[in-house]
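A short worksheet on the structure shown next.
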Amino acid sequence: MQYAGKDACAECHDDKTEELSSGMHANLSCETCHGPGMKHYDNPDVTNIIKPSERAFCGICHSFNPTRKDKIAQIDLSEHNVDNKCIECHNPHNPWE
Amino acid sequence: MGISSKEQSRRKFIKSAAVAAGGLLATGMINPFNAVLFAMDRPEDPTKPWWGYAIDITKCIGCGRCANACKTENNVPREPFYFRTWVEQYTILNDGTVKVESPNGGIDGFKQTVAEEDIFKSFFVPKMCNHCSKSPCVQVCPVGATYVTPDGVVLVDETYCIGCRYCVQACPYGCRYIHPEKNVADKCTLCYHRISKGKTTACVEVCPTQARMLGDLNDKKGPLVKFLKEHNCLVLKPHLNTGSKLYYNELSQEVG
């Protein structure tokens with residue numbers, strides 16, 4: 001088993017899950033972005049989860065594609081604030097705070 | 001003069017036709033057409049879980065996190081064309097052509113190459129094993145390696161499988177492949193190792209828009225049955241009578 005589930009994350013990181021639950025990403029699982037967390041859950045000192053920060057990663061959901069139009073906030077990665085990482089302006093745990 | 005032989009044979013024909021029609025009608029009464037929810041067989045034990053799955057096409061944004069998580073959770077080979085679940089992007093153009101794309105199963109995300117003004121309709125369709133209750137793959141397996149669990153999950157016993165590929169051919173949904181290292185058939189297990197411990201599948205866990213839903217079809221008040229009641233769900237290729245337990249909300253006719 002690789003994915004621990006949100007409840008497992010909340011056992012230690014309840015501050016983060018609480019922050020997450022107040023924003024637009026409320027229904028996301030931690031492991032949607034942070035990858036599988038079971039190894040970290042079992043051995044937090046040995047294995048850590050990933051913290052993706054590249055623009056391309058946010059773009060997997062948020063780059064413009066007419067197929068998902070109106071379903072989700074979208075931007076054109078090649079035009080929108082090109083020189084900065086998304087997370088410099090948007091807190092991924094609460095993107096519009 | 002007696003009845004001509006021509007007339008006699010006509011009478012015979014009408015008689016036998018009436019018998020055949022009556023027979024058909026009687027069979028129809030014994031086994032009437034079922035609602036989509038029960039187009040499959042009934043569960044063996046209605047007091048235990050009987051897993052079904054729903055996908056809401058209106059919610060899917062084509063991020064491919066499900067396909068990615070599935071490969072991670074189940075050690076599916078990373079190279080393309082080995083998938084237990086994947087996402088397809090359907091684009092129906094104004095001129096009527098249908099374009100279906102699934103680059104790396106959607107794991108690296110999708111790009112829409114058709115200009116927006118040329119699109120009539122476009123949507124994502126996640127695909128995976130339909131966990132059919134009358135599944136063709138189980139029927140063709142010559143060694144009984146593929147079977148259905150009492151809780152309605154189609155599995156492969158890799159110690160029995162001889163890698164003959166019959167099931168890969170038989171699955172009308174293209175949901176099986178031969179594992180390149182093990183040389184046995186491999187497919188979605190509905191994360192059996194997870195659901196039997198009370199967790200949900202990896203694909204459902206990571207889906208950011210709750211487009212995927214695992215549920216118990218025996219739980220008449222459960223979220224899956226509620227979803228099926230409230231939405232007009234269809235199964236893929238219903239004419240094949242596979243008894244699919246994978247239900248799609250807003251499934252378009254173009255999806256094969």
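Quick note: the coordinates plus some simple rules give every number you see, no bench work behind them. Every value quoted in this text rests on a predicted model; they were computed, and no experiment measured them. Reconstructed Cβ throughout: ideal geometry from the backbone, glycine too, with neighbour counts over all protein chains shown.
Here the Karplus relation 6.51 cos²θ - 1.76 cosθ + 1.60, evaluated at θ = phi - 60°, turns the backbone of the range B:45-56 into coupling constants of 10, x, 8, 10, x, 9, 6, x, 8, 10, 10, 9 Hz, with x for every Gly and Pro.
For peptide B:66-73, what's the mean number of Cβ atoms from other chains within 10 Å of each residue's Cβ? If you can, show how the numbers build up before the last one.
Working: counts 1, 0, 3, 7, 0, 0, 5, 5.
Taking the mean over all residues of the peptide, I get 3.
Averaged over peptide A:1-14, the number of partner chain Cβ atoms lying within 10 Å of each residue's Cβ comes to 3.
I'd like the chymotrypsin sites (Phe, Trp or Tyr not before Pro) in the range B:66-109 restricted to DSSP loop residues with at most 16 other Cβ atoms within 10 Å, sorted by number. Write out the running numbers ahead of the final one.
Numbers: sites: B:81, B:82, B:83, B:86, B:90; in loops: B:81, B:82, B:83.
Taking the range B:66-109 and a limit of 16 other Cβ atoms within 10 Å, the loop chymotrypsin sites (Phe, Trp or Tyr not before Pro) found are B:81, B:82.
What does the average come to when, for each residue of peptide B:198-210, you count the partner chain Cβ atoms lying within 10 Å of its Cβ? Each step should come with its number before you reach the end.
Values: counts 1, 6, 3, 1, 7, 1, 2, 10, 10, 4, 9, 7, 3.
Mean partner-chain Cβ count within 10 Å for B:198-210: 5.
Mean projected area of the convex hull spanned by the Cα atoms of chain A, taken over all viewing directions: 7.2 nm². The alpha carbons of the protein assembly as shown occupy a box of 104, 50, 42 Å along the principal axes, longest dimension given first.
Using C-alpha pairs under 8 Å with a sequence gap of at least 6, the mean separation divided by the residue count of chain B gives a relative contact order of 26 percent. Given 10 °C and 1.306 mPa s, how large is the Stokes-Einstein diffusion coefficient of chain B in µm²/s, with Rh as the Kirkwood radius over Cα pairs? Roughly 78 µm²/s, to the nearest whole number.
Whole-Hz Karplus values for the range B:63-72 come out as 7, x, 5, 5, 5, 5, 5, 4, 5, 5 Hz, taken residue by residue from phi with 6.51 cos²θ - 1.76 cosθ + 1.60 and θ = phi - 60°; glycine and proline positions read x. Projecting the Cα positions of B:217, A:27, B:91 onto the charge dipole of the protein assembly as shown (unit charges on Cβ atoms of Lys, Arg, Asp and Glu, taken about the Cα centre) puts B:217 furthest along the positive direction.
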